[in-house]
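Below: one structure, written as structure tokens.
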Amino acid sequence: MSKLRVATTSLAGCFGCHTSFLDIDERLFDLLKLVEFDRTPLTDIKHCGPCDIGIVEGGICNAENVAVLREFRNNCKVLIAIGSCAVTGGLPAQRNHLDLGDCLSEVYLTEPGTSHGLIPNDPELPLPLDKVHPIHEVVKVDYFIPGCPPSGDAIWKFLTDLIAGRTPTLGHGLIKYD
Amino acid sequence: MAFELETAEHPEKLRRVAIEPISRVEGHGKVTLLLDEDNHVKQARLHIVEFRGFEKFVQGRPYWEIPVMVQRLCGICPVSHHLAASKALDQIVGATHVSPTAEKIRRLMHYGQILQSHALHFFHLASPDLLFGFDSDVAKRNIVGVAADYPDLARQGILLRKYGQEVIRVTAGKRVHGTGSVPGGVNKHLTREERDALLKEAYQIIGWSRDAVHLVKRLFEQNLELYNEFGSFPAHTLNLIRADGAMDLYHGGLRARTMDGKTLFDHLDYNHYWDHVFEQVKPWSYMKFPYFRDLGPAEGWYRVGPLTRVSQCDFIPTPLADRERQDFIAFDAGHAAAATLGTHWARMIEMLHSAEMIKDLLHDDDVLAGDLVTTGERQGRGVGVIEAPRGTLIHHYRVDEHDQVIRANLIVSTTHNNQAMNESIRAVARKYLDGRELTEGLLNHIEVAIRAFDPCLSCATHALGKMPLRLELIDAEGRQIDRMVRAGDGTCSC
Ligand code: SF4
């Protein structure tokens with residue numbers, strides 16, 4: 001049986017959901033019998049190719065996030081939003097009620113201890129969005145796993161269900177919204 | 001002020017090559033190179049490309065929420081932020097000394113964090129470069145390749161990390177983003193069963209950690225010249241130090257030394273960090289550039305992290321790790337202890353130290369019983385500093401009489417290393433890339449240098465730019481859901 005191809009990425013997240021993915025611990029070896037990795041933070045593949053499963057951590061906070069997310073949607077048959085940030089925007093969305101210009105000038109111009117204050121303006125820096133958005137507002141998402149982060153056990157249960165062709169279900173104790 | 005290769009004279013005439021995203025690191029970043037027609041590198045920059053603004057949006061929050069909020073800066077070292085914030089808030093609630101139980105449980109959590117983060121970095125992220133070669137096959141150069149060729153090593157890496165995560169779980173309540181530490185102390189003890197289960201494995205973990213130190217030593221011996229020289233540069237240093245000069249990753253005073261060993265300050269009360277550390281902003285990165293005020297921005301940049309801590313402490317207060325430290329410092333007349341890749345060796349020594357500390361703390365019955373929380377006279381300002389896996393981490397808060405945070409300043413480890421990482425990639429660009437046809441393997445050399453610092457680019461994200469630009473965000477159905485216009489003066493409207 002050929003292996004399923006899996007890609008993962010972190011957008012505006014903290015990597016905690018990826019950390020939790022690695023919390024499947026030794027079960028990683030079992031997983032590797034069933035899947036192979038495309039672009040993930042663990043491999044040096046810089047762009048996602050055709051994949052069976054795409055896992056996205058983090059919401060979208062800038063233009064680059066949007067581009068990566070669209071690339072994932074175009075290439076992945078099944079797209080999963082993992083963790084509060086991808087599902088709702090999460091903690092980074094706390095800035096949504098603030099004025100971005102105020103944030104910038106506070107951090108780069110007026111914060112004590114900051115010398116030569118200026119606001120970074122290089123074209124290499126992707127344009128930030130005014131608000132942080134959950135990913136389903138921009139692309140179609142097939143599954144959502146809540147939690148900040150969902151536990152390694154929850155991720156394991158979900159993926160093994162999906163890979164085996166069962167409808168993924170997270171029973172009591174695995175669904176958490178913290 | 002100009003650093004070599006920081007800014008090309010005529011960028012418009014040059015060819016741009018980007019490494020994007022930097023992979024096998026935590027967080028979002030990219031490197032850009034500008035080359036002339038003969039492939040000579042004229043500019044090399046590490047950019048931090050994301051803005052989050054934690055300092056701003058914690059304002060107005062009640063102070064007790066802060067330790068659980070700010071750890072969401074980073075899912076790989078959440079405990080570091082959890083504890084640095086708690087230490088700052090200890091000062092706010094007047095807990096000048098937390099109880100022995102609280103301090104030991106927090107230390108346990110912290111050493112669990114160092115252990116798991118160092119294991120993750122070495123085995124999962126960096127080891128493929130070191131085991132297979134910097135320009136080895138890209139398909140193989142990852143943990144899956146390591147698992148195929150070195151199954152025992154990969155297994156040990158995974159189990160070391162698992163152990164650290166379990167130490168975090170029993171002290172913090174959960175593996176990622178726990179809630180165990182609170183202003184003034186902690187909120188739970190360990191149960192006897194939890195303690196015993198961890199103790200049972202502690203000796204195996206110490207053994208594997210020591211094997212990992214020896215593995216890096218062997219890699220140095222096999223490639224001495226390359227490992228000593230690769231991406232290396234002289235740097236000033238900053239780290240926490242215990243009163244007797246011992247390595248202490250949880251608490252101490254600040255030690256700063258120049259690249260030629262002169263002391264700038266030592267055992268400095270970290271509440272006064274801001275008399276000494278300033279930050280400069282550059283237009284091409286959201287990450288600031290800290291420097292020692294006395295030396296100024298051109299000369300005053302410095303390096304933090306494992307290499308600094310292991311080479312600048314007077315000793316390590318656990319026997320196995322200290323023996324390894326002495327070996328490391330003496331190796332090849334001190335060259336490894338000054339080498340960028342020596343950071344991997346130092347990191348494994350710290351992992352060993354953490355494993356030894358965990359074992360000692362688990363033997364201490366204070367973690368099973370005793371006072372959890374202490375309070376005293378309420379203060380308006382608090383500073384917490386800790387040695388996170390990647391280096392010195394500073395949290396600083398002001399809280400008003402309504403218990404709301406009114407000001408926050410965070411200087412994270414990776415930010416301290418900003419200039420150092422840029423120096424390192426420029427050293428690699430000069431030596432390995434200049435004048436050559438760039439291949440994937442050559443570009444990976446740049447990332448190998450960055451990975452030595454184990455940067456947490458996720459921690460380091462701050463703010464926005466200045467060109468007039470317009471962006472529209474269209475949803476899956478083609479409707480516009482966000483629109484951003486950035487004016488030329490850096491202000492935004494939408
Ligand atoms: S959901 Fe939580 S753990 Fe996951 S990326 Fe967001 S903040 Fe981090």
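The charge dipole of chain B, taken about its Cα centre with unit charges on the Cβ atoms of Lys, Arg (+1), Asp and Glu (-1) only, comes to about 820 debye. In a DSSP loop and with at most 13 other Cβ atoms within 10 Å, the GluC sites (Glu not before Pro) in the range B:1-93 are B:GLU4, B:GLU9, B:GLU37. Take every DSSP beta bridge whose two residues both sit in the protein assembly as shown; close to 70 percent of them are antiparallel.
Please return the longest range in chain B lying between exposed loop sites, taking trypsin sites (Lys or Arg not before Pro), DSSP loop only, at most 13 other beta-carbon atoms within 10 Å, and leaving the sites out. Result for the longest clean stretch: B:1-261. Dividing the summed helix terms, -39500 (n - 2.57) for each DSSP H run of n ≥ 4, by the number of residues in the protein assembly as shown produces a 222 nm estimate of -11000 deg cm²/dmol to the nearest 500.
Here each label is just a point 7 Å from Cα along the line to Cβ, and for B:HIS267 and B:LYS431 those points are 3.8 nm apart.
Between B:GLN43 and B:LEU34, the built amide H atoms are under 5 Å apart, and every one of these is 5 or more places off in sequence or on another chain.
Remark: for residue pairs B:LYS87/B:LYS282; A:LYS176/B:LYS174; A:LYS46/B:LYS431; B:LYS87/B:LYS262; B:LYS42/B:LYS431; A:LYS33/B:LYS140, the C-alpha separation exceeds 21 Å in B:LYS87/B:LYS282; A:LYS46/B:LYS431; B:LYS87/B:LYS262. Packing-based ranking of A:129-140, A:33-44 yields A:129-140, A:33-44, ordered from highest to lowest mean Cβ neighbour count within 10 Å. Taken about its Cα centre, the range A:22-178 carries a charge dipole of about 600 debye when Lys and Arg each add +1 at the Cβ and Asp and Glu each add -1 at the Cβ.
Over all other residues within a Cβ to Cβ distance under 15 Å of A:LEU4, the charged ones net out to 0, with Lys and Arg as +1 and Asp and Glu as -1.
DSSP bridge analysis restricted to chain A gives an antiparallel fraction near 15%, rounded to the nearest 5.
So which GluC sites (Glu not before Pro) in the range B:293-391 end up in coil per DSSP with only 13 or fewer other C-beta atoms within 10 Å? Passing sites in the range B:293-391 are B:GLU377.
Modelled this way, with points 7 Å down the Cα-to-C-beta line, the labels at B:HIS402 and B:ASP275 are 3.4 nm from one another. Dipole magnitude for the range B:380-438: computed about the Cα centre from +1 point charges on Lys and Arg Cβ and -1 point charges on Asp and Glu Cβ, it is near 300 debye.
Count Lys and Arg as plus one, Asp and Glu as minus one, and take only other residues whose Cβ is under 11 Å from that of A:HIS18; the net charge is then -3.
Loop-only check: which chymotrypsin sites (Phe, Trp or Tyr not before Pro) in the range B:214-284 are DSSP coil with at most 13 other Cβ within 10 angstrom? Nothing satisfies the criteria. Spin-label pair B:THR179-B:ASP152: with each label point 7 Å from Cα along the Cα-Cβ axis, the two points sit 4.4 nm from one another. Charge tally for B:VAL405 (other residues, Cβ to Cβ under 12 Å; Lys, Arg +1; Asp, Glu -1): +1.
Once you sort the root eigenvalues of the Cα gyration tensor of the protein assembly as shown as a ≥ b ≥ c, which label holds: rounded (a/c under 1.5), prolate (a/b larger than b/c) or oblate (the other case)? Note, shape of the protein assembly as shown comes out rounded.
Just so you know, all these numbers are worked out from the coordinates, no wet-lab data involved. Everything numeric here is computed off the predicted structure, so don't read it as measured data. Cβ coordinates were reconstructed from backbone atoms using ideal geometry, including for glycine residues, and neighbour counts include every protein chain displayed.
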